[in-house]
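Comments concern the structure below.
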Amino acid sequence: MFINKSIKELRKGIKQKDFSKKEIADFYLSRIKKFNNLNAFSHIHPINEKDLNNSDISSDTLSGIPVALKDNILSRNNPATACSKILDGFIAPYDATVTSKLKSSGAILIGNNNMDEFAMGSSSENSSLGNVLNPWDLNKVPGGSSGGGAAAVAARLIPVALGTDTGGSVRQPASFCGIVGLKPTYGRNSRYGVIAYASSLDQVGVMTNSVEDCALVSEIIAGFDPLDSTSVDVPIPNFSSTLGKDIKGLRIGIPKEYFIKELNTEIDTSIRTALSELEKLGATLVEISLPHTEYAVATYYIIAPAEAASNLSRYDGIRYGKRSKDTEDLFDLYCKTRTEGFGTEVKRRILIGTYVLSEGYFDAYYIKAQKVRTLVANDFKEVFENQCDIIACPTAPTTAFNLGEKCNDPISMYLNDIFTIPTNLAGLPAMSIPCGFDSNNMPIGLQLIGKAWDEETIFKTAYLYEQTHDWHKRIPKGFE
Amino acid sequence: MDYEAVIGLETHVQLNTLSKIFCSAGTTFGEDPNNLIDPLTFGLPGALPVVNKRVIDSAILLGLGLNCQIRKFNRFARKHYFYPDLPKGYQISQSDEPICEHGRVTIEDNGTSRTIGITRIHMEEDAGKSIHDARTNSSLVDLNRAGVPLLEIVSQPDIRNAVEAGLYLKVIRQIVRWLGISDGNMEEGSLRCDANISLRPVGQLKFGTRAEIKNINSFKYVEKAIEYEIARQLKILKEGGTVIQETRLFNSETETTHEMRGKEGAADYRYFADPDLPPVVIEESWIQKIRQTMPVLPSEKKLELINTHKLTEYDAEVLTTEREFSDYFDAVFKVCKDAKLSCNWITSELFGALKKLHIDFSNNPISSEVLGELIKLIKEEVISGKMAKTIFEILIENPSKKIQEIIKEKGLKLISDPEEIRVLVNEVFKNNADNLKKFLDGNNKLHGFFVGQVLKLSAGNAKPELVNQIITEELKKIK
């Protein structure tokens, strides 16, 4: 009875006593239980009955709304392991800033979502808890790394999931699962209490079934945090107020580098159809060029592993999490703990990161990558200054691929993020929204990239486009 | 062949900020283990650093004090190594962009002064402490110190011997204490020092191979460690051997250095700019603001004491060892307007009494107003120096007592009325008729006797010069 009800509708229902907060929570909890074959959740939080046994919605936007957190976002007294064995048994002693914002907004934190270990992956197959299934086809991956959240939202196991996006980890699974996912401008949301993968790229993002819900939750978790020096002190935006505004005269840039031969033709067609819809809504399409796009993935795979290798140094078996037994000395303790605690992909990135920061290689890799990162960012700056107000392109070059298909081919896996990585390098906001299905009935995502701090234009555009179809209302077969 | 030593010191100064460099955990020394921790100190997942502004202020202040250039665009870097007392697996420090560079400091040794260059000063966080318990074969970690702010001062290799190294370190200690940014306490580890030492033939410009000496934890040991290391290297070179570049530890029991076993080698710290900390931009206005809080430095203050107040070099030196001494002197002088007396009373009476009573200067019970007032009374000849000492002794025991109160109670008024003294003189003459006769017969030695008798009769309150003068006058009358 709650499926496809928007946050506003749920709120209204609670207020009018059509249903209670407890009924909503129980409904979703039972679905999570029923569809646990998806493996979308890593942990269910104990819920304080007191939070459910009231119909108070006062001024709190998310009163009674169930929300799930990616397993790398800390909530006090609950596990947060980033789906890594190395954090086995770790219970967060404090709330991430985004978590406390959700709590004070009345949200009911239901549980944690499965994910690629330490957010490293594009298929949610790198989890210590096993892979997540795509509800549209149980033989396919949900994307990653926020695959648990995306699958859960798509299967209507939860109306809202928070993910993190370092190279596309919110948008690519949103695209694969046919939901809405926003990665805001770098610095928009606090990273405090979010298990770091690559600090200069990580950003918390919201995954929902509709643009409106995404706007509501995104504006709640946004804002400067004195505990995160990289969060930026800009006014807290009001995304929802832009919904419904027209996009007449909006210049939409179509980057030619994103329509490559690797792009699946069905996606190509679907994106072009979406673009003509946007044109009908009054926007102008402008072909643009982002010439350094082809270097983005390589650049990312130097910067992100370098930061990751450093960020993951703290998992040493000394203070919390896993510690291997029967070790001979300190060195042995470190080696065994980290060997047993980290999965293959994480180890691969730690090795790459350590290598590129090493004496003698630092300039050739890390410094060079930083320079290329600036070039990639300048590409966007250039077109936003002169040619367009927003960019539209595919979120991913393919729809969801088969489980195990790319596990043994990391490069092909990495290339699935070819369209999402550049925005992380440039720190720009970007959203994936459903724009159709391929012949296998797998969802296709349209990506909208905005200027820095201009999520409003993305929301405005996405909302109008969303009104032209009902893809976001479709429910995967078997999950009705 | 004659050799000379080339020495550079790396000094770690622990700042006395209330909270740590990148979080709000406290910094009190001597707390119970692991009491001063928070998510960042503990290296928890998701914890992020935020720079403590006071640390930047302190670094700028020290930079100005050591004549450095202050960098406008500052970045923090991560220095990676694994150790249980380094909770994040990296130390947040500064790499090739330190906040201060190109400074200098002057050291003085028996009237000759030398300038020692300061290569750089950078900000970083301290590590925790590891305690190894051989009895239980276990290691314990205390993270209270982890994240306490440090400034590392790197000197140029301008130091030539152990004495100079000691003097340099004393000047650094004096300045950081003077600026109020650190207590400079070597025993508690708030001032730590590593020494890089090499030898080269006199006249040769190229440096020899250096050894780095760590674990030097007192002023005494700085000189001992360097002396030992110079002798060790000299022996090797004289015997035709070569010095190995290595890190050595000083052992304070044997007063020798020995090679550090294991670790190091070719450590690769993989420095890179910390992505959690945006660059800190120090505008000129910030520097100006700090400059305005800058006190007169000890070296300048010393010159001022010598030139303006005409104090001796030694006295000026003593008064400028600590800023609180110098400030106290200024305050006492302001009341009594007598530099020499102020200096004498502070350095001998006050310091002596505090030492005797084991009172630290910071708990000095005699306020500068009171001491200034006491000295003023001496100067105005209301009381004698001897009386002042009596009053001072009472005051140090009962600091709340008023000087005037004590004067009244003890009847400590200097008799400066000539007529009053004349009465006393004549009484002494009357009581000592024999000696008076001898005196009149020419035994001049007895003059002193009469002065003494008059002073005694006045209970020490008569002004001696006046007594002298009146005895002479009265004798003339008798003659």
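Any read-out appearing in this document is the output of simple, stated calculations on the displayed coordinates, not a laboratory observation. What you see is a predicted model; the values in this text were computed from it and never measured. Methodologically, a virtual Cβ is constructed for each residue, glycine included, from the backbone with ideal geometry; neighbour enumeration extends over all protein chains shown.
Given +1 at the Cβ of Lys and Arg, -1 at the Cβ of Asp and Glu and no other charges, the dipole of the range A:218-305 around its Cα centre is 340 debye to the nearest 20. Between the beta carbons of B:Q204 and B:I236, assuming R0 = 22 Å, the FRET efficiency works out to 0.85 to the nearest 0.05. Note on A:T420, A:T374: ascending count of other Cβ atoms within 10 Å places them as A:T374, A:T420, the fewest first. Each principal axis of the Cα atoms in the range A:1-99 has its own extent, and those three values, largest first, are 46, 30, 21 angstrom. Quotient of the Cα radius of gyration of the range B:295-410 and 2.2 N^0.38 Å, N being its number of residues: 1.04. In this simple spin-label approximation, B:E255 and B:K334 carry label points 7 Å from Cα along the Cα→Cβ vector, and these lie 4.6 nm apart.
Axis of helix B:446-457 versus longest Cα principal axis of chain B: the two differ by about 80°, to the nearest ten degrees. Along the Cα-to-Cβ line of A:I367, 7 Å from the Cα, sits a label point; which residues in the range B:84-103 have backbone N less than 13 Å from it? In the range B:84-103, the label zone of A:I367 (backbone N under 13 Å from the point 7 Å along Cα→Cβ) covers B:96-97. Rounded to the nearest 10 degrees, the angle from helix B:385-397 to the longest Cα principal axis of chain B is 50 degrees. A Förster distance of 41 Å, applied to the separation of the beta-carbon atoms of B:R135 and B:D360, puts the FRET efficiency at 0.65.
Using the Cβ-Cβ distance between A:C335 and A:K477 with R0 set to 51 Å, the FRET efficiency from 1/(1 + (r/R0)^6) comes to roughly 0.60.
A simple charge model with +1 on the Cβ of Lys and Arg, -1 on the Cβ of Asp and Glu and nothing else charged puts the dipole of the range B:1-117 at about 620 debye relative to its Cα centre.
Structure note, pairs B:K379/B:K410; A:K368/B:K214; A:K34/A:K101; A:K8/A:K477; B:K386/B:K430: Cα-Cα distances above 31 angstrom occur for A:K368/B:K214.
Around the amide H of A:G253, modelled in the peptide plane, lie the amide H atoms of A:V286, A:D389, A:I390, A:I391, A:A392, all under 5 Å away and 5 or more residues distant in sequence or on another chain. For the protein assembly as shown, the 222 nm mean residue ellipticity estimated from helices alone, with every DSSP H stretch of n ≥ 4 adding -39500 (n - 2.57) and the total spread over all residues, rounds to -11000 deg cm²/dmol. Can you compute log10 of I(q)/I(0) for the range B:135-278 with the Debye formula, treating each Cα as one identical point scatterer, at q = 0.18 Å⁻¹? One equal scatterer on each Cα of the range B:135-278 leads to -1.23. Fully extending the segment from B:K72 to B:K477 would add 137.4 nm, taking 0.36 nm per residue of separation and subtracting the current Cα-Cα distance. Among residues other than B:Q404 with Cβ under 12 Å from its Cβ, the summed charge is +2 (Lys and Arg +1, Asp and Glu -1).
Which angle between 0 and 90 degrees, to the nearest 10, do you get for helix B:323-336 versus the longest principal axis of chain B when only C-alpha atoms count? That works out to roughly 30 degrees. Using equal-weight Cα scatterers in the Debye expression, the normalised intensity of chain B in log10 at q = 0.09, 0.13 Å⁻¹ is -0.76, -1.25. Between A:S30 and B:E420, the distance separating the two model label sites (each 7 Å from Cα on the Cα→Cβ line) works out to 10.7 nm. Mean silhouette area of the range B:418-478, derived from the convex hull of its C-alpha atoms and averaged over all directions, reads 3.5 nm². A full extension of the chain between A:Y295 and A:K248 corresponds to an added length of 13.5 nm, given 0.36 nm per residue minus the alpha carbon distance. Working note: Debye formula, equal point scatterers on the alpha-carbon atoms of the protein assembly as shown, no solvent; log10 I(q)/I(0) at q = 0.07 Å⁻¹ is -0.72. Approximating the spin labels as points 7 Å out from Cα along Cα→Cβ, the A:D56-to-B:A433 distance works out to 10.9 nm.
Calculated from the alpha-carbon coordinates, chain A shows an Rg and a Dmax of 21.0, 70 Å respectively.
Rounded to the nearest 20 debye, the dipole size of the protein assembly as shown about its Cα centre is 1260 debye, using +1 on the Cβ of Lys and Arg and -1 on the Cβ of Asp and Glu.
Just so you know, the averaged projected area of the alpha carbon convex hull for the range B:3-286 sits at 16.6 nm². For chymotrypsin sites (Phe, Trp or Tyr not before Pro), the sites in the range B:1-58 that DSSP calls loop and that have at most 16 other Cβ atoms within 10 Å are B:F29.
Counting neighbouring Cβ atoms within 10 Å and putting the fewest first, the residues B:H12, B:H80 line up as B:H12, B:H80.
The radius of gyration of the Cα set in the range A:215-285, together with its Dmax, comes out at 17.5, 46 angstrom.
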